[in-house]
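To start, the structure under review is shown below, and the notes come after it.
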């Protein structure tokens with residue numbers, strides 16, 4: 001068993017903050033280059049308290065059925081667009097409720113594609129197969145172009161015009177052979193307002209000028225203003241919607257998928273005293289707590305693991321799971337489910 005020292009009651013973490021991996025291409029490509037290797041087993045003597053905390057804070061990314069579907073759809077869309085000479089290339093929209101794993105899906109799609117490109121053309125320097133941008137809260141066509149410019153490492157300043165920045169972005173993305181462009185938080189675009197309509201037009205302009213496949217993601221996009229009106233109709237005609245719903249736990253097939261995911265998460269734990277099968281045995285209870293929402297599930301398991309390291313038990317139990325305070329969305333949903341259940 002690993003020798004680990006329990007934390008004192010007044011211990012606070014002094015760890016550095018990990019920078020976001022999609023804010024610029026240098027950080028993104030460094031993250032893509034980082035190999036994913038299986039961690040040592042939980043009883044390996046190389047573990048100590050600090051490394052156990054770090055590991056369970058980062059944890060692992062597990063592929064859900066929705067993520068697998070998105071990856072398959074992306075491959076077909078890339079093939080459809082491969083020799084498309086017109087401007088109406090096909091796109092994808094990843095849509096779902098908050099916390100369903102949309103941004104994680106984008107990152108996994110981008111990582112998978114870029115690593116595939118590196119294998120296909122090893123040794124090529126100076127290219128940028130993937131680009132990311134999030135819709136700014138105070139969006140304008142210029143601010144959206146600035147976000148893409150910063151990712152690509154293009155120096156911009158406020159005195160530059162929208163047209164200048166857009167031209168520079170399109171030139172660099174074409175020159176560096178960008179084939180996949182991600183826009184996150186597109187539900188923020190309200191095409192009923194002038195800034196929203198103009199920014200939507202900017203998205204359409206980029207899709208026409210850059211010979212890449214565009215993947216958009218947002219909260220319940222199909223019900224958002226983005227796809228309404230003439231502008232929305234143009235976008236809707238070019239893109240297919242991929243839903244990332246919470247995982248259900250009703251039918252036998254749904255129960256199988258849910259328990260398989262919990263089994264995979266349990267296999268990734270590195271807690272020397274954890275009893276195998278605990279998460280699967282408590283699958284119904286965990287679904288009640290999280291509603292099948294990936295963000296809530298990730299928080300629940302990671303915090304329970306970290307709590308077990310801090311208290312020295314190094315094992316997740318149902319009691320420990322019950323001590324984790326989840327996000328407001330999951331908490332309210334669990335309360336509503338309990339109220340709907342008939343009294344025994």
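The values are calculated or read from the model by the stated rules, or taken from the named source; none is laboratory data. Note that the structure is predicted; figures quoted are calculated from it, not measured. Note: ideal-geometry Cβ built from the backbone for every residue, glycine included; neighbour counts use all protein chains shown.
Answer with yes or no whether residue 66 is touching a strand residue (DSSP E or B) at 6+ places or on another chain (Cβ under 9 Å) and closer than 30 Å to residue 294 by Cα.
It is true that residue 66 is touching a strand residue (DSSP E or B) at 6+ places or on another chain (Cβ under 9 Å) and closer than 30 Å to residue 294 by Cα.
What are the residues in the range 237-260 that are within 20 Å of residue 98 (Cβ to Cβ) and in contact with a strand residue (DSSP E or B) (Cβ under 7 Å, 6 or more places away or on another chain), if any?
Selection gives 241, 242, 243, 244, 245.
For residue 86, all conditions in the list (1) at pLDDT below 95; (2) out of contact with any strand residue (DSSP E or B) (no Cβ under 9 Å at 6 or more places or on another chain); (3) not assigned by TED's automatic domain parsing to the domain that holds residue 172 hold save one; what is the number of the exception?
All conditions are met except number (3).
Considering every residue within the range 174-191, establish whether at least one is without any contact (Cβ under 8 Å) to a residue 40 or more places away in the chain and closer than 16 Å to residue 29 by Cβ.
No: the range 174-191 contains no residue that is without any contact (Cβ under 8 Å) to a residue 40 or more places away in the chain and closer than 16 Å to residue 29 by Cβ.
Can you say whether residue 261 is farther than 21 Å from residue 53 by Cα, at pLDDT 95 or above and buried (at least 18 other Cβ atoms within 10 Å of the Cβ), as far as the supplied structure shows?
When the stated conditions are applied, residue 261 passes them.
From (1) closer than 22 Å to residue 172 by Cβ; (2) surrounded by fewer than 18 Cβ atoms within 10 Å (Cβ to Cβ), pick out the condition that doesn't hold for residue 109.
(2)
What are the residues in the range 151-168 that are out of contact with any strand residue (DSSP E or B) (no Cβ under 9 Å at 6 or more places or on another chain) and under 23 Å from residue 187 (Cα atoms), if any?
Once the filter is applied, which keeps residues that are out of contact with any strand residue (DSSP E or B) (no Cβ under 9 Å at 6 or more places or on another chain) and under 23 Å from residue 187 (Cα atoms), the range 151-168 yields 162, 166.
Is there a residue being surrounded by 22 or more Cβ atoms within 10 Å (Cβ to Cβ), assigned to a helix (DSSP H, G or I) and modelled with pLDDT under 95 anywhere in the range 212-225?
yes
Scan the range 198-211 for residues that are free of Cβ contacts under 8 Å to residues at least 60 places away in the same chain and assigned to a loop (DSSP other than H, G, I, E, B) and report the count.
Summing the residues that are free of Cβ contacts under 8 Å to residues at least 60 places away in the same chain and assigned to a loop (DSSP other than H, G, I, E, B) in the range 198-211 gives 1.
Looking at the range 230-258, which of its residues are surrounded by 14 or more Cβ atoms within 10 Å (Cβ to Cβ), part of a helix (DSSP H, G or I) and assigned by TED's automatic domain parsing to the domain that holds residue 197?
231, 232, 234, 235, 236, 238
Restricting to the range 42-56, name every residue that is surrounded by 11 or more Cβ atoms within 10 Å (Cβ to Cβ), out of contact with any helix residue (DSSP H, G or I) (no Cβ under 9 Å at 6 or more places or on another chain) and not in a helix (DSSP H, G or I).
Selection gives 43, 44, 48.
Conditions (1) closer than 29 Å to residue 203 by Cα; (2) at pLDDT 90 or above; (3) not assigned by TED's automatic domain parsing to the domain that holds residue 299, marked per residue:
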site	(1), (2), (3)
39	no, yes, yes
42	no, no, yes
45	no, yes, yes
51	no, yes, yes
55	no, yes, yes
59	no, yes, yes
94	yes, yes, yes
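Tell me which residues, restricted to the range 112-133, are part of a loop (DSSP other than H, G, I, E, B) and either surrounded by fewer than 12 Cβ atoms within 10 Å (Cβ to Cβ) or under 11 Å from the mean Cα position of the chain (by Cα) (or both).
121, 122, 123, 124, 125, 126
If we only count helices (runs of 4 or more DSSP H) wholly inside the range 269-338, which ones have 3 or more residues that are crowded, with 18+ Cβ neighbours inside 10 Å and under 27 Å from the mean Cα position of the chain (by Cα)?
Output list reads 283-290, 294-311.
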